[in-house]
Amino acid sequence: MDSENHNPRRRFRKWFKGKHKRADPYQLSQVSDGGEDESEDYLDDILFQSMEMDPCTSTIELRVFVGTWNVAGRSPIGSLAVDLGEWLNLKDAADMYVLGFQEIVPLKTRNVIGAEDPTEARNWNMLIGKTLNNEYGCPWLTPIWHPIPSENYQYVKNSEPESRMSNNETSMREQSRSQHEKPKGVSKYKLMASKKMVGVFISVWMKSDLVSKYYISNVKVCSVACGIMGYLGNKGSVSVSMTIEGTSFCFVVAHLASGEKKGDEGRRNHQVSEIFRRTSFPRSPADDDIPHPLTILGHDRIFWFGDLNYRLYLEDNSARQLIKKLDWRALQEFDQLRREREYGGVFQGWEEGAIEFAPTYKYSSSNCNRYSGGVPSRSGEKQRTPAWCDRILWYGKGLTQLSYFRSESKFSDHRPVSALFSTQIEVVNSTNPRVVARHTILPTIPPPVETEQSNHDKEAESTLISLIVKDLEASPTHDTRCIEQIDDSDCS
């Protein structure tokens, strides 16, 4: 037997090449004319990446609404629903609503160092759900039939999307629904995740029909406290990680250190670094076998938003003069966060839409349209230079911002800010298996032991033969399935 046939790896490539030709005769035509080595490298790649060129995948557009609001420790009240509806822009409804809040409880000592109280988080979720679903004449049944359990809620999917079920399975599910659901209808939006840490709070909602239609997995939450002494929750972040089909999303809501004195921006930058370092989404026994990112920057689409508290490098009177002229471009030249993004700071490489609205902080009081401080200042009023404290940033390819604006609710001393995004998601049809990324595959072939080379070749050859035999015994309709458990060393 010559060396080429004796080499198990070459034999495997030859076998796989023949299979792949039968499965998709058009893909091998894309191999370059660079010779055998390039062809072998190409076969290594298509083993794990052939789905990228598979004609049985489709692309969908997902519209994501991201909003942030510092509510100054005030509880949600019924009359706030009007302001909330205006902020959520329900006339142009999105597929997902990701809402971040700061100071949903007053930042008093007992709230910061005491046990978490889920009451306010539950109240906000109730109001958000009612606002989203009542807009469409659809009574919100979640609080009645499926109460939100706590401030730390994660959606768990119990089955495959209906589009991937057999006709019999779909019929059984519809029959079950008709027996258990109330005749008034179902919620248009479903709560996917919710997390509270002291006053920082995130709430993620998605259209119910999309939840049923697409595969949503590995919904996880994380909180990082980096306030007083670096570890208390008066400042910090709450984050949600989730995967929709094959695209991973991370939403980070942050409330960073306040202050406009020299050096205060350094404290904010340090907290950002801590959030990057300490946010993690570890695997758990309940996870499915689809790999998910463990850190913020491991995701495909990332949103970072909240009361980031970055101020202006500008004295108060000059800032107010530019605001009076509505000269937002000139004012942005002094924006601290812009410098962090454009000049090698902690948000280097992150993107933000053009700011074409007035600074969102600090207003004198509730029900007031006047900035706090100024000359002459009112007795007992805090002197604060107006600034764009409330911001929405994003990172990753495949995102387009459609709008970026503030709303005019006078509920607190901040104005709510929101952005609408469009993103593309690749959906794999049910006839094609899901591809597992190369770096996440667990080896089934034992690692080589310090033995004679001939023994090692025999073991590898035996494993190869068993693979081929299993494949030949399988149904021909499964020729295009992925080989998910090949040792990484055989694919490099």
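The values are calculated or read from the model by the stated rules, or taken from the named source; none is laboratory data. Since the model is a prediction, treat every value here as computed from it, not as a measurement. Note that each Cβ is placed from the backbone with ideal geometry, even for glycine, and that neighbours are counted across all protein chains shown. Heavy atoms of the whole protein, side chains included, go into the accessibility calculation; ligands, DNA and RNA do not. Shrake-Rupley method; radii C 1.70, N 1.55, O 1.52, S 1.80 Å.
Go through Leu314, Leu191 and list them by solvent-accessible area, largest first, probe radius 1.4 Å.
Leu314, Leu191
What net charge is computed for the residues neighbouring Ile296, neighbours being all others with C-beta under 13 Å from the C-beta of Ile296, Lys and Arg scored +1, Asp and Glu -1?
On the way: positive: Lys220, Arg277, Arg278, Arg301; negative: Glu274, Asp300.
Neighbourhood net charge equals +2.
Need one value: the accessible area of Val253 in square angstrom, 1.4 angstrom probe, rounded to the nearest 10.
Its heavy atoms expose roughly 0 Å² to the probe.
Per the 1.4 Å probe, what fraction of the accessible area of the stretch 179-290, in percent, lies on carbon and sulfur atoms?
53 percent
Sorted by average packing, counted as other Cβ atoms within 10 angstrom per residue and highest first, what order do 304-312, 283-291, 117-125 take?
304-312, 117-125, 283-291
Past 29 Å, Cα to Cα, is the threshold; run Lys108/Lys324; Lys130/Lys324; Lys213/Lys410; Lys324/Lys397; Lys195/Lys410 against it and keep the listed order.
The answer is Lys108/Lys324; Lys130/Lys324; Lys213/Lys410; Lys324/Lys397.
If DNA, RNA and ligands are ignored and the probe is 1.4 Å, what is the ranking of Thr109, Thr400, Thr57 by accessible area, most exposed first?
Ranking Thr109, Thr400, Thr57 by accessible area, largest first, yields Thr109, Thr400, Thr57.
Please report the antiparallel percentage of the DSSP beta bridges confined to the stretch 240-334, to the nearest 5.
Numbers: 5 of 12 bridges.
Counting DSSP beta bridges with both partners in the stretch 240-334, the antiparallel share is about 40 percent.
At a probe radius of 1.4 Å, what is the per-residue accessible area of Ile77, in Å² to the nearest 10?
Approximately 80 Å² of Ile77 is accessible to the 1.4 Å probe.
Could you derive backbone 3J(HN,Hα) for the stretch 198-208 from the dihedral phi with the Karplus parameters 6.51, -1.76 and 1.60 (θ = phi - 60°), listing whole Hz in sequence and x where the residue is Gly or Pro?
Values per residue, Gly and Pro as x: 6, x, 8, 8, 10, 9, 10, 10, 9, 4, 4 Hz.
What is the distance in Å between the Cα centroid of the stretch 224-282 and that of the stretch 91-126?
The two parts, judged by their Cα centres, are 16 Å apart.
Where the centre of each part is set by its Cα atoms, how far does the stretch 285-335 sit from the stretch 344-371, in angstrom?
Taking the Cα centre of each part, the stretch 285-335 and the stretch 344-371 sit 8 Å apart.
For Ser79, Ser409, write out the residues from largest to smallest accessible area, computed with a 1.4 angstrom probe and no ligands counted.
Ser79, Ser409
Among the trypsin sites (Lys or Arg not before Pro) in the stretch 203-271, which ones are in a DSSP loop with at most 14 other Cβ atoms within 10 Å of the Cβ? Mind listing them?
Lys261, Lys262
Give me the accessible area of Tyr363, 1.4 Å probe, in Å² rounded to the nearest 10.
For Tyr363, solvent-accessible area is about 10 Å².
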